[in-house]
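Here's the structure, in structure tokens; my notes come after.
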Protein chains: 4
Amino acid sequence: MPIVSEEHKRQRRNHILLSAQHCFAKKGYHITSMDQLVQHSGLSRGAIYNYFKSKEEIYLELMKGIVTREIEPIESQIKTLPTNLEKIAYLFDHYYQLEPMCEEQKEAFFVQLDFQLSASRNPDMMTLLDELHKNMKFELVKSILQEGKEAGELKLNIHIDIYTHMFWSFIDAANMQRILFPELPYQSIIRDQKQSFLTKITK
Amino acid sequence: MPIVSEEHKRQRRNHILLSAQHCFAKKGYHITSMDQLVQHSGLSRGAIYNYFKSKEEIYLELMKGIVTREIEPIESQIKTLPTNLEKIAYLFDHYYQLEPMCEEQKEAFFVQLDFQLSASRNPDMMTLLDELHKNMKFELVKSILQEGKEAGELKLNIHIDIYTHMFWSFIDAANMQRILFPELPYQSIIRDQKQSFLTKITK
Amino acid sequence: MPIVSEEHKRQRRNHILLSAQHCFAKKGYHITSMDQLVQHSGLSRGAIYNYFKSKEEIYLELMKGIVTREIEPIESQIKTLPTNLEKIAYLFDHYYQLEPMCEEQKEAFFVQLDFQLSASRNPDMMTLLDELHKNMKFELVKSILQEGKEAGELKLNIHIDIYTHMFWSFIDAANMQRILFPELPYQSIIRDQKQSFLTKITK
Amino acid sequence: MPIVSEEHKRQRRNHILLSAQHCFAKKGYHITSMDQLVQHSGLSRGAIYNYFKSKEEIYLELMKGIVTREIEPIESQIKTLPTNLEKIAYLFDHYYQLEPMCEEQKEAFFVQLDFQLSASRNPDMMTLLDELHKNMKFELVKSILQEGKEAGELKLNIHIDIYTHMFWSFIDAANMQRILFPELPYQSIIRDQKQSFLTKITK
DNA sequence: CATGAATGAGATTTCATTCAT
DNA sequence: TATGAATGAAATCTCATTCAT
């Protein structure tokens, strides 16, 4: 029974988090009420509180999951690539070729954006955001640039931290624009960005 | 009497909007309660409702004001510049040299970011945001690029709409990063962006 | 306007506290819901929260008021009595002659009893209870015994703290019994207690 | 099998009741949640509901047990004493020499106090309380006084009901004070009470 | 116009109890 | 019997807005 139960619990948690992702993306964290979440998830009020102790906890867990699910497949893809330059190129392609974004990805980006703003006013959230970014997103790019430098593929005088932030700055901005003004053709802008970034860091 | 009264009304409205800018920037629109606004403005609940019919109206009016106050001084500066290339360069410098941003500007950016997200879920807000951006921000850059093309300063094959969005995409991304990660040194990134943008559009 | 308003506010607070006294006495603090209080007071939910910031605050304020209203008239009566022995006798008579207790007094005793039990599990309440008892009830009797000793009316070897507690112990027990078993004839028991107490302390 | 099962059931019930005594004493009946009871007992929610049909039933059964366990050993001790005066004296000593009270006794008193207050607002509980007191506590003392009178040990003109209540009134008051103000030295007060009570009833 | 007390819908959370397994 | 996930009524509290003064 514990095995069935544990698996069941994991599924329920995920179901709730997915519902939350949908609701928070559609309406925003603050506007989404627990009752809306209850309604959308098809569970009862109490059931949700059996899995998460507050609305905020759902938000935090959701964020963790989103970043993890965003980064993990990238990480495993990147391991298969021979050079660090190709890895960086893959990263651009991965994000830029998300066009057309599927609904689930749009939702995930929305929630991230929403969370970033909320976090800037809430220390608890900021702590989590820092951790997630530092440990997952930033670390990913940073280590590629580092290894690229060490392997002699990249210029030695580039400042790794700055270029790491630069990379994510491009990605975030592009995603934000895509979400806010979905009708615009970003493909051409994006190709430029990739070229210019790669040129700058390559020997 | 009507003249004094009108002036008084204008001042009161501005005072409320400034309070709102401060509160919304610090805590976000949804988290800021009318009571906090009342407290910060020093007015009474009723007084505020005499000038604005709802919290949302304050938000909308605030946004209009912020964008107007952001763009108008730029527009008048730009009129004094002889070439369209210089105008674009000035725009980059204007935004990028805001370092260090004064509190009021930070607040204004925060409110804009917050508003953009809210707007993406609220048709009324989206309508206003579109108007403001289309009529003010986008139009500003678009007309410079247009005139630059016509004057033979800029390449003829650039797609104006795309480059206009590209410009604002840079600015927004930079501002977002500055707000969310204020400790990072963006000056060097930004200089690059300006150079690369100007290079691309110049003949 | 402030004067009218202040008086009005005082009246509303008192009205809420009286409602609370009634409800808490009838059902107990934990069982009485805010909505019952709202219903009984005839006000709205929000109105009550304009005057008190939580249900617990109402409880604490109510207790303060009850003890104050219980002790103040006694204190002013006692000032008019010439000897300390008469003062103590008056105290017994005051409590014992409350028969038949009026509804308001019964309610007040109930709330006190209820509060004492709640307080024994809640540090905040215990602090208040201690203060109220130490500063009002205990101090009242203690100072009479003290002065009686100094004036030579009472035995010199009685332990004041113990006799003070003994006094209140009688009163509390009698009130509890009267509330819980109202049909019993306590007058005769009580007369005994008074006599025996007075005999013990008198020279 | 049924015999083992019956014994097992009895043990489970007792285990639950003991847990309840502990929890109700520590936090009070209303504040203690079923989950706390579940946690403390180490059983499951369902298990508890197999033995008791509601939280209130646990409370009622607990009270019955407490009073029974309090009175039964006294009754058997009293049977061994030759005179009714000694029996009454024993009763005083039994309660007053509970100093220092063991944790289990403190808990039991707390629950009784808590129950008395709850009962005063709940007819079901009041019925039980009346039964328990009338049939066990009051009857115990009453019959001693009755027999003492008949045996010629005690004064003939004492009113048995009143003195019975007087006795329990002392005990309850002392216990209440001991629970609420545990640091106070009641031994001396108590010795007085015993003496004065015995004197009054003895020929 | 200004005030701020009042409103009450609605938000989050708790918890006694049930019931499928 | 035993389990504990699920239920949903109900509790506390908030807050945008109104309106009598």
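The values are calculated or read from the model by the stated rules, or taken from the named source; none is laboratory data. This structure is a prediction, so every number in the text was calculated from the model and none was measured. Every residue, glycine among them, receives a Cβ derived from its backbone with ideal geometry; neighbour counts consider all protein chains shown. Surface areas here come from the heavy atoms of the whole protein model, side chains and all, with no ligands, DNA or RNA. Shrake-Rupley method; radii C 1.70, N 1.55, O 1.52, S 1.80 Å.
For n ≥ 4 DSSP H runs only, could you compute -39500 (n - 2.57) per run for chain A, divide by its residues and tell me the 222 nm figure to the nearest 500?
-25000 deg cm²/dmol
Quick query: amide H of B:Leu154 versus all other amide H atoms, modeled in the peptide plane; which residues come in under 5 Å with a sequence gap of 5 or more or a different chain?
Residues meeting the criterion, in which the H sits 1.01 Å from N, are B:Lys149.
Could you tell me what % of all Cα pairs in segment B:124-203 have separations over 21 Å?
Summing the P(r) of segment B:124-203 above 21 Å gives 40 percent of all pairs.
Restrict the search to segment C:2-106; then list the trypsin sites (Lys or Arg not before Pro) that DSSP places in a loop and that have at most 11 other Cβ atoms within 10 Å of their Cβ.
Sites meeting the loop and neighbour criteria: C:Lys53.
Any chance you could give the angle, 0 to 90 degrees and rounded to 10, that helix D:2-27 forms with the longest Cα principal axis of chain D?
Taking the Cα atoms of chain D, the angle to D:2-27 is about 70 degrees.
What per residue convex hull volume, in Å³, do the alpha-carbon atoms of segment B:1-42 yield? List each step's numbers first, then the result.
Values: hull volume 2.5 nm³, N = 42.
Hull volume over Cα atoms, normalised by residue count, gives 59 Å³.
Placing a label point 7 Å from Cα toward Cβ, how far apart in nm is D:Asp130 from its equivalents in the other copies, listed shortest first to one decimal?
Once sorted, the set of distances for D:Asp130 reads 4.1, 6.6, 7.5 nm.
So what's the gap between the Cα centers of segment A:10-31 and segment C:112-175, to the nearest angstrom?
Taking the Cα centre of each part, segment A:10-31 and segment C:112-175 sit 57 Å apart.
Which residue in chain C puts its Cβ closest to the axis that rotates chain C onto chain B, and at what distance in whole Å?
Spelled out, residue of C and its Cβ distance from the axis onto B: C:Gly46, 4.
I need the Kirkwood Rh of chain C: take the reciprocal of the average 1/r across all distinct C-alpha pairs and report it in angstrom.
18.6
Give me a comma-separated list of calculated 3J(HN,Hα) values for segment C:128-145, in order, Karplus coefficients 6.51, -1.76, 1.60 applied at θ = phi - 60°, integers in Hz, x for any Gly or Pro.
Computed from phi, the couplings for segment C:128-145 are 5, 4, 4, 4, 4, 5, 4, 7, 10, 5, 5, 4, 4, 6, 4, 5, 5, 4 Hz.
If you take every residue apart from A:Glu6 with its C-beta less than 12 Å away from the C-beta of A:Glu6, what net charge results, scoring Lys and Arg +1 and Asp and Glu -1? Display every interim value, and only then the final one.
Values: positive: A:Lys9, A:Arg10, A:Arg12, A:Arg13; negative: A:Glu7.
The answer is +3.
For the protein assembly as shown, I need the span (max minus min coordinate) of the C-alpha atoms along each principal axis, in Å, sorted largest to smallest.
Cα spread of the protein assembly as shown along its principal axes, largest to smallest: 130, 87, 44 Å.
Report relative contact order for chain D in percent, whole number only (criteria: Cα-Cα under 8 Å, sequence separation at least 6).
Over chain D, the number comes to 22 percent.
Counting every Cα pair in segment A:18-61, what percent are over 16 Å apart? List each step's numbers first, then the result.
Details: 215 of 946 pairs.
Cα-Cα pairs of segment A:18-61 separated by over 16 Å account for 23 percent.
Copy-to-copy spacing for C:Thr83, label 7 Å out on the Cα-to-C-beta vector, in nm, shortest first?
Those label-point separations list as 3.8, 11.3, 11.4 nm.
Mind jotting down the three principal axis lengths of segment A:14-104 based on Cα atoms? Whole angstrom, largest first.
51, 25, 19
Can you give the FRET efficiency to the nearest 0.05 for A:Glu75 and D:Glu6, using r as the Cβ-Cβ distance and R₀ = 60 Å? Provide the component values of the computation, followed by the final result.
On the way: r = 62 Å, r/R0 = 1.03.
It comes to 0.45.
A:Gln195 label points, 7 Å along Cα→Cβ, one per copy: pairwise distances from this copy to the rest in nm, shortest first?
List, nearest first: 1.8, 10.9, 11.4 nm.
I'd like the carbon and sulfur percentage of the solvent accessible area for chain C, probe radius 1.4 Å, heavy atoms only, ligands and nucleic acids excluded.
54
Could you state how much accessible area is buried at the A-B interface, both sides summed, with a 1.4 Å probe, in Å² to the nearest 100? If you can, show how the numbers build up before the last one.
Values: alone 11390 and 11410 Å², together 19470 Å².
Result for this pair: about 3300 Å² buried.
Any idea what angle helix B:55-79 forms with the longest principal axis of chain B, computed on alpha-carbon atoms, 0 to 90 degrees, nearest 10?
Roughly 40 degrees between the two axes.
Taking only Cα atoms and a 10 Å spring cutoff, compute GNM fluctuations for chain B and point out the largest among B:Ile78, B:Ile162, B:Ile171.
So, out of B:Ile78, B:Ile162, B:Ile171, the one fluctuating most is B:Ile162.
How much net charge surrounds B:Leu60 when only other residues with a Cβ under 14 Å from its Cβ are counted (Lys, Arg +1; Asp, Glu -1)?
-3
Under a 1.4 Å probe, what is the accessible area of chain A per residue, stated in Å²?
48
Please determine, in degrees from 0 to 90 and to the nearest 10, the orientation of helix D:160-180 with respect to the longest principal axis defined by the Cα atoms of chain D, where the helix direction is its Cα long axis.
Taking the Cα atoms of chain D, the angle to D:160-180 is about 50 degrees.
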